[in-house]
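Read the structure below first, then the notes.
Just so it is clear, none of the values below were taken in a lab; they were calculated from the coordinates. Just so it is clear, the structure is predicted and the values come from calculations on it, not from any experiment. Virtual Cβ from ideal backbone geometry, glycine too; neighbours counted across all protein chains shown.
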Amino acid sequence: MTTVPKPSGIPPMPERNTKALRAAIAEHTPQLLGDFDRHWETAINGPRDIAPVPALLARWWTEYAIARDPELDRHVHGLEAHAAGATDHDTAMALLEQAAHLRREAGKAEPGQ
């Protein structure tokens, strides 16, 4: 399944399954594809166990939801980079809390949004 970007240029979220998510990543955020495939191979194909699929899908659903929106992607990664360079704990924690909030919100995206 391919997805057509919205007028904003941001592609909609795919169906919530690993096959559709991988196709969307390949089409719209190919810079994530290698990491997705390595994670899949390590978590799923290596042990031949589907138990990790829900966690893998949740993680990559959020990663794709962020990466498909270049502005959001820059903002989240900017917060994380500033936190890494912060010289005091409170500042670092505040920046990481902001990034975590944006990640949680992105992870709530529904198919088609």
Report, in debye and to the nearest 20, how large the dipole of the stretch 38-111 comes out about its Cα centre when Lys and Arg carry +1 and Asp and Glu carry -1 on their Cβ. 300
The stretch 51-99: radius of gyration and largest Cα-Cα distance (Dmax), Å: 13.2, 40
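Ignoring everything except DSSP H segments at least 4 long, calculate the 222 nm mean residue ellipticity for the chain; use -39,500 (n - 2.57) per segment, divide by total residues, nearest 500.
Working: 5 runs with 69 residues, N = 113.
Value at 222 nm, helices only: -19500 deg cm²/dmol.
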Scaled to the compact-protein estimate 2.2 N^0.38 Å, what is the alpha-carbon radius of gyration of the chain, rounded to two decimal places? 1.15
